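The values are calculated or read from the model by the stated rules, or taken from the named source; none is laboratory data. Model, not experiment: these values are computed from the prediction. Note: ideal-geometry Cβ built from the backbone for every residue, glycine included; neighbour counts use all protein chains shown. Accessible surface is based on the protein model in full, side chains and every heavy atom, while ligands, DNA and RNA are left aside. Shrake-Rupley method; radii C 1.70, N 1.55, O 1.52, S 1.80 Å.
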Amino acid sequence: MRLESRYNPVRSPFLVESIQSMSNIFQRIALIGLGEVGGILAADLIAREHKPFAAFDLRFTDAASPPSQTAAKLELGKAASAAEAVAGADLVISAVTAGRAMEAAQAVAPHLAPDAFYLDVNSVSPATKQAAAAVIEAAGGRYVESSVMSSFPPKRIRTPMLLGGPHAALFSSLAVALDFDAKVFGDQVGGASAVKMCRSVMVKGMEALFLESMTAARHYGVEKLVLASLQDTLPGIDTAELARYMISRAVLHGKRRAEEVREVAKTVEEAGIVARMSHAIAEHQDWAAVQGQTMERSLIADASLETLLNVLMS
């Protein structure tokens with residue numbers, strides 16, 4: 001399967017001006033999943049006065065869970081079910097973990113309003129996106145594939161997205177009002193995901209490589225020399241800071257990343273290629289998450305490389 005790119009923002013000056021003048025292009029927005037990405041989207045959409053707004057997360061049953069705490073901080077009502085959250089919504093955003101993407105689509109589909117947009121921002125393989133699209137379209141919804149092309153925290157709602165599917169062009173024009181940075185990849189579901197998944201081999205792989213290199217170097221007491229050598233090999237890059245950042249992301253989000261990389265492995269295998277590296281990356285991400293459980297989550301993102309290595313090697 002070859003999926004060609006067709007970048008097409010579909011944004012004439014008149015259309016952009018018309019949409020931006022509308023205070024709320026979507027009358028009701030529902031968010032499924034209130035983890036890191038979902039929490040950022042919720043906060044930014046609310047800040048832009050896109051209300052009413054509903055959310056559902058499986059972890060709402062635990063009042064101490066991060067999604068419950070995010071909902072409380074944003075003064076966001078917690079729906080008791082996916083069905084309750086999407087009732088009457090003309091835009092549903094799915095931001096769950098990779099392993100739950102199909103489950104979310106199946107839970108939402110019977111309760112979608114006619115012609116509601118379903119924006120799937122989950123990091124899953126092209127085949128998984130296509131299967132989710134079939135479920136949503138069969139229920140009368142309008143499925144839009146979205147691939148998030150960088151880490152969400154720095155740019156938040158302005159994080160670049162590639163959109164795919166027959167409704168991508170229309171949604172792209174409407175997304176101006178949401179302040180999304182969204183470009184259309186093509187009118188077939190799967191292509192945008194292929195870009196994201198192939199990119200993830202490198203990004204998640206670098207995290208795993210730094211994990212293995214730095215933990216082994218710590219065992220031998222040579223991490224400073226290894227970093228100095230990498231600095232010489234990669235001029236212009238602060239390799240110590242890069243190592244710290246990459247390792248902190250794996251420790252903080254390793255469980256979710258491992259799920260994503262298993263979808264990456266599916267993507268590679270769907271192309272007829274043995275996913276040797278992707279499977280190993282997923283195992284290392286899982287290991288980092290387990291090792292990091294002893295560390296306070298709020299401290300991980302800003303922890304020093306030395307602190308992170310101490311946790312990993314304990």
Requested in this report: Mind giving me the FRET efficiency for Ile46 and Tyr245? R0 is 30 Å, r the Cβ-Cβ distance, nearest 0.05 is fine.
Outcome: 0.60
Report summary line: Heads up, region 25-174 by the C-alpha gyration tensor (a ≥ b ≥ c square roots of eigenvalues; a/c under 1.5 rounded, else a/b over b/c prolate, else oblate) looks rounded
Report task. Work out how much length Asp302 to Glu103 would gain on full extension: take 0.36 nm times their residue separation and subtract the Cα-Cα distance, in nm to one decimal. Result -> 68.3 nm
Query raised in the report: Over the chain, what percent of the accessible surface lies on carbon and sulfur atoms, probe 1.4 Å?
Result: 57
Query raised in the report: Once a ≥ b ≥ c are taken as the square roots of the eigenvalues of the Cα gyration tensor of region 235-299, is the result rounded (a/c under 1.5), prolate (a/b larger than b/c) or oblate (a/b not larger than b/c)?
Result: oblate
Query raised in the report: In Å², what does the accessible area per residue of region 65-144 work out to with a 1.4 Å probe?
Result: 37
Report task. Please say if the chain is rounded, prolate or oblate, where rounded means a/c under 1.5 for a ≥ b ≥ c the square roots of the C-alpha gyration tensor eigenvalues, and otherwise the choice is prolate for a/b larger than b/c and oblate otherwise? Result -> prolate
Query raised in the report: For region 175-314, with every protein chain kept in place, what is the accessible area per residue (1.4 Å probe, Å²)?
Result: 50
Query raised in the report: List the aspartates and glutamates whose alpha-carbon lies under 17 Å from that of Lys224, not counting same-chain residues fewer than 8 positions away?
Result: Glu212, Asp232, Asp238, Glu241, Glu306
Query raised in the report: Probe 1.4 Å, all protein chains in place: accessible area of Met149 in Å², nearest 10?
Result: 40
Query raised in the report: So how do 89-102, 222-235 stack up, highest first, on mean other-Cβ count within 10 Å?
Result: 89-102, 222-235
Query raised in the report: Which whole-Hz couplings ³J(HN,Hα) result when phi for each residue of region 125-136 is put into the Karplus expression 6.51 cos²θ - 1.76 cosθ + 1.60, θ = phi - 60°, listed in order with x for Gly and Pro?
Result: 5, x, 5, 5, 4, 5, 5, 5, 4, 4, 5, 5
Requested in this report: Using just the helices of the chain, give the 222 nm mean residue ellipticity in deg cm²/dmol: DSSP H runs with n ≥ 4 each add -39,500 (n - 2.57), and the total is spread over all residues, rounded to 500.
Outcome: -16500 deg cm²/dmol
Report summary line: Residue separation between Thr294 and Ala72 times 0.36 nm, minus their alpha-carbon distance, gives in nm 77.4 nm
Requested in this report: Evaluate E = 1/(1 + (r/R0)^6) for Ala228 and Ala271, where r is the Cβ-Cβ distance and R0 equals 45 Å; express this FRET efficiency to the nearest 0.05.
Outcome: 0.75
**Report entry** Local net charge near Glu263, Cβ-Cβ under 10 Å (Lys/Arg +1, Asp/Glu -1)
**Finding:** +2
Query raised in the report: In region 150-218, which chymotrypsin sites (Phe, Trp or Tyr not before Pro) fall in coil by DSSP and have 16 or fewer other Cβ atoms within 10 Å?
Result: none
Requested in this report: Straight distance only, please: which lysines reach the Cα of Lys266 with their own Cα at less than 19 Å, same-chain residues fewer than 8 apart left out?
Outcome: Lys129, Lys196, Lys204, Lys255
